[in-house]
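Encoded as structure tokens, the structure appears first; notes follow it.
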Amino acid sequence: MGAFSASTQKRCLGVAFNVKTHIIRDTSDARRFLLQGLWWQRVLPPTSSTVRNILSWAKELVSIGYALPPIGFLADLGHVTYGEDWENRIGRESTTTVPNLPINLLRTYEDHVLGKIYADWTFGRACDALRQYEKGRDQARGLAYFMGQFHERAKFDGVEMSAGVVTGLLDMPAEELLAEGYESLRVAGPHPLLCVLYESLIQSSRCIAEILGPEDIFDLEHKSALEELGQRLAHRQVLQAGAFLEATLPRHKIKPLARRMEVPTKILDEDMYPVGGFTSLSNKGSIESLLHSQLAYMEPQRSAEPDLFDTMFLMDELLYYSRDDNQFMRRRRTFVLVFSSDLQETRFKDSELPYQRGVMLLGLVHTLVRKLAQWLTTDALNFHFVFPGVGEAVAVGRGVLSRPQPEAMKGARGELGASLQHQESSKEPLLKERQLLEKLFLEDIKTGVVTIERLPMNKLPGRCQEWTRRSMVHLLMCGIAPTRVEVRDAVVTRLAINGPRPALGDGTADAVPVEGDDACDSWANILQAILARWV
């Protein structure tokens, strides 16, 4: 998606303006803060075997740009997340007494912070996801993302320092680091920032309902947390835009339009199955439907002569349950959403909208699929997302770029080579949007409910005509100026996004802007209008 400003990136990194961030510029002071913090962890006692992991987690946080929480809290979170034996807490009562620790503060921290973490369902989902990451850098980056999102939601104080301080500590023996931190606590007392940060952490944890949001769990489970910031934010904003649009819909199924177009579909054998229970008795049936009371006709002592059960079976006088003969017809419905290449111009944020136009479109598409799958549970649904095909001409600025010929590529050098490289990158202008949809509908793609493909626009009518032979087809053309398409026996809708307020029209009619109190309300009305045409 589009580029983000520095202020937006900083806000999305979790450094909100109402969060106090303490900056430690002195190297020795930062070293004292880190080494003393190792002795504040409560899940497991500090040992030399865990110091390197803790410092690597802290290094990842600092290098990315997140504010660093108390390193003891980071250690506790990491130990629980990656399945350390925190429940046994071996040696907790028998460990060496640490001097000058504010034990009352730490007990409160255990009750209000660690206790909340243990009981939070979002934390359990996050742990299950993070344990699937590859050990090493990926787990450190995943934990850094987890901590950053928790920091953004809870808004507790943090610390900024040079990443070189943490890097220098990683090169030293763990035993020396623990001994230095212990001696510092004994001689100089606890670092003043540690008490301040723990108090802020306790107060902030009391004010949040859940540690992570649904979009955070989605990122962790699909490993989007390892991606670059720009792509991750675009994915997060699509989910947020979809949640905003979904909140404007009624809970019940929307009433369809009175004069909507209906087309007949071919009924296949697999679209019909019997409904109802046992309605009568018959003298024909399978052994599973046999009236159980007739088993009393069997003689307990088997003899050479047939018993009453055998006689009735041979004379077809046994009774069987029979089912209702009614059949249930299941409709096949195919929804085709076509994205024109000019949608790359929607990577623009209007002052009237909370997100870019392209993000609002993807959020609307995500909500459409979710609500249709929820409301049309008795229908066989298929969703096809169609993007411009390989080799199609793509409009860029005022010119048109076509696929470069092999002869031209052989002699490309200098400026010509740069031009051809630009052509190659412009072959698929909606690559980022397609990748976002593949991520959003990953499970549906695996089950075959959603299909994402690239198709030349001149072949679209023929493909839709094939679908209409066995399914009811709804076609949505999306673009700045969506193409007028006529497909026999299909419902065609055109969605024009040429401004903050989108327009809607039929297959050949001009798109008309949808009214609303503001631009966001217009997008919500567009969603309801499309659903009313399709349900």
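The values are calculated or read from the model by the stated rules, or taken from the named source; none is laboratory data. Bear in mind that the values here come from a model prediction, so they are computed numbers and not experimental data. FYI the Cβ positions are ideal-geometry reconstructions off the backbone, even for glycines, and counts take in every protein chain you see.
I'd like to verify a number: residues in the stretch 183-194 that are part of a helix (DSSP H, G or I), of a type outside the set (A, V, I, L, M) and closer than 15 Å to ALA30 by Cα, how many?
2
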Run down PRO461, PRO513, PRO482 and say which single residue is more than 20 Å from LEU361 (Cβ to Cβ) and either at pLDDT below 90 or of a type in the set (S, T, N, Q) (or both).
-> PRO461
Please tell me if ARG454 is modelled with pLDDT of 85 or more and part of a helix (DSSP H, G or I).
-> no
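Identify the residue in the stretch 1-39 that is of a type in the set (D, E, K, R) and not in a helix (DSSP H, G or I) and, among all such residues, is modelled with the lowest pLDDT.
Here the residue is LYS20.
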The listed residue being farther than 17 Å from ILE54 by Cα, among the charged types (D, E, K, R) and either outside the structural domain of TRP57 (by TED's automatic domain parsing) or in a helix (DSSP H, G or I) (or both), out of GLU199, GLU175, GLU180 | GLU199
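Each row is one residue, and each column tells you yes or no for (1) outside any helix (DSSP H, G or I); (2) on the phi < 0 side of the Ramachandran plot; (3) more than 30 Å from the chain's Cα centre (by Cα); (4) surrounded by fewer than 21 Cβ atoms within 10 Å (Cβ to Cβ).
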site: LEU105; (1), (2), (3), (4): no, yes, yes, yes
site: HIS112; (1), (2), (3), (4): no, yes, no, yes
site: TYR118; (1), (2), (3), (4): no, yes, no, yes
site: GLY124; (1), (2), (3), (4): no, yes, no, yes
site: TYR133; (1), (2), (3), (4): yes, yes, no, yes
site: ASP138; (1), (2), (3), (4): no, yes, no, yes
site: MET147; (1), (2), (3), (4): no, yes, no, no
site: VAL166; (1), (2), (3), (4): no, yes, yes, no
Output for the stretch 319-358, where each listed residue is under 30 Å from PRO461 (Cβ atoms), in contact with a Lys or Arg (Cβ under 7 Å, 6 or more places away or on another chain) and either modelled with pLDDT of 90 or more or assigned to a helix (DSSP H, G or I) (or both) = THR346, GLY358
Within the stretch 281-301, the residues that are farther than 11 Å from LEU319 by Cα and either in a loop (DSSP other than H, G, I, E, B) or in contact (Cβ under 8 Å) with a residue 24 or more places away in the chain (or both) are MET298, GLU299, PRO300, GLN301
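Does LEU314 satisfy the criteria of being surrounded by fewer than 20 Cβ atoms within 10 Å (Cβ to Cβ), in contact with a Pro (Cβ under 8 Å, 6 or more places away or on another chain) and closer than 20 Å to GLN231 by Cα? Talk me through it step by step, then tell me what you get.
On the way: surrounded by fewer than 20 Cβ atoms within 10 Å (Cβ to Cβ): yes; in contact with a Pro (Cβ under 8 Å, 6 or more places away or on another chain): yes; closer than 20 Å to GLN231 by Cα: no.
No; evaluated as a whole, the condition is false for this residue.
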Could we say that ILE211 is hydrophobic (A, V, I, L, M, F, W, C), in a loop (DSSP other than H, G, I, E, B) and under 35 Å from the mean Cα position of the chain (by Cα) here?
-> yes
